1. Please give, to one decimal in nm, the separation of the simple spin-label points placed at Arg223 and Asp424, each 7 Å out from Cα toward the Cβ.
2. Express in nm, to one decimal, how much length is gained between His216 and Lys461 on full extension, taking 0.36 nm for each residue of separation and deducting their alpha carbon distance.
3. What number does the stretch 13-464 give for Rg over Rh if you use C-alpha atoms and the Kirkwood radius?
4. Using a probe radius of 1.4 Å on heavy atoms only, what accessible surface per residue do you get for the chain? Whole Å² is fine.
5. Which FRET efficiency value, to the nearest 0.05, do you get for Val119 and Lys246 by plugging their Cβ-Cβ distance into 1/(1 + (r/R0)^6) with R0 = 25 Å?
6. Tell me, how many Å apart are the Cα centres for the stretch 297-368 and for the stretch 54-75?
7. Starting from the Cα-Cα distance between His437 and Arg137, subtract it from 0.36 nm times their residue separation and give me the gain in nm to one decimal.
8. Highest mean first, what order results for 222-231, 373-382 on Cβ atoms within 10 Å?
Amino acid sequence: MLDTTKLPEPKNESAISDEKVKKHIKLAEINYRRNTESDYTEKIEKLDKNFDYSTNSNYYWSEPELSLLYGTPLYEQASDSQKKALNHLYWAIQYNQTAATEANTVLYNQVTAGVFENVGGYDALCKELDLETVQERDHIHAFHTIGYKTKKALLGQAGFNASIQGKSYKNDLAKKAKTGKNQLFSFSFSASPLSAYGESSLRFMTNKVFLKNQAHLYSQYLRELEDKGESIPAHTTGLLGQLAPKPLLKFFTLNCGTSPFLACLFYVARFMANMLIKNYEYRYSIYYRELEKNGEFIPAPTAVSHYHMLDEAFHTTTSQLIAQDLYKDFAKPSAYEKFLANLTIYRAQTVGLSGLSSGLPAIFRNDAPFMLSLHTLLQSPLFGMSSTEALEWLNKCMCTEHEGFHVTLKYHERLLTDLRRLLDPINYLWAVNREMHVMEKGGSISNAIESNAKAFEQFSKSLAV
Ligand SMILES: [Fe+2]
Ligand SMILES: [Fe+2]
């Protein structure tokens, strides 16, 4: 039982009452108890262990609109078996991205729990964060296993040479950027303003300059890593990992591992990621319930999505509690902290929510990072096209208006409404973040086509070199 006699001292000038602090603690306790009593993670583990692609290959894993290239001219011409394969590949792609985002969560749950522990009085919340970390590890394992077996069955080794995550193309672009041939990815390690500083300088800037009054709250988790001589942790994949180059991410780690306010800020980004995942995962869950109601076969990936959504409901409660309320328990943020918080959310919008994909439903980015992978997919045995044919089809799918864009726009509108409602109570956010202006601007099919057309031209040229 939580010792509520050890309450954190509220320091916010808005004079948060003891009652409110107690309410936060109570909510965290209830959420932790309910999560402990649930068995969704165990169900996911079992499905992961027993997954066999061939048993699930003849079924749709969701309604057809959650399929790679859905609504494009190519999809209209695809055979039934190609359509099923595109439905399965979409699951593998979405959950590969989800796994990367949850790997960010594993790291920052530990970093921030180390700060809340130092503040004191948040035992149930810290236990919940530990439990969530363990659950995320199991989720990630299941996503990777099922995704790997699916891609292997459908694409063979070629599927891993271009993983449809944009990685290979990104690497290709990074190489080209070095030679000055491509400027699409403007952030590079060498361009970072912090790349010239070593880790000791980053620590000095955090603890002695920007957050010097809070250095005593420095996360125990980071202190232990430091004592072992390990470098400052930062991931460069997942939503958070793409916000900035690595030195800046390390600086971010130190910041949210020192300031309770910035520890809470991480949960605003996590809350956004929770909602982004729920936006499509909810559809899998509805599909699961329909199959269950009709007594039909339920494919294992559909069940994993369903149980994951249920597990994530606890995580979303945690994110919401910290993002909307808990920060008010602590000292009012400095101008620097507010600036860093807003910059982070602004970057999250820009990186993950500022466009519309033509061929990846419910993904709110334009298609430049996916072109090489899709080009490779069209040349795989699944479609068997020549390089020229694949290029022609890519052009039709990415650079002309079709139903696929409208499907993604529908998901975009839903998420935009949800995020605006959920971010509204966070008083330190700039209007551009609270009202999601960057995301709103990205909800334009004509802008997406224009951006894709430019990227496609560059991509075609890069193949010709
Ligand atoms: Fe998860
Ligand atoms: Fe989660």
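1. My value for the distance between the label points is 4.2 nm.
2. Full extension from His216 to Lys461 adds 82.8 nm.
3. On the Cα set of the stretch 13-464, Rg over Rh gives 0.97.
4. Value for the chain: 43 Å² per residue.
5. On the way: r = 28 Å, r/R0 = 1.13.
Efficiency for this residue pair is about 0.30.
6. So the separation of the two Cα centres works out to 25 Å.
7. So the chain would gain 104.6 nm between His437 and Arg137.
8. Highest mean packing first, the order is 373-382, 222-231.
The values are calculated or read from the model by the stated rules, or taken from the named source; none is laboratory data. Quick caveat: nothing in here was measured; it's all calculated off a predicted structure. Here the Cβ is made from the backbone with ideal geometry for all residues, glycine too, and neighbour counts use every protein chain on show. Accessible surface areas use protein heavy atoms only, side chains included; no ligands, DNA or RNA. Shrake-Rupley method; radii C 1.70, N 1.55, O 1.52, S 1.80 Å.
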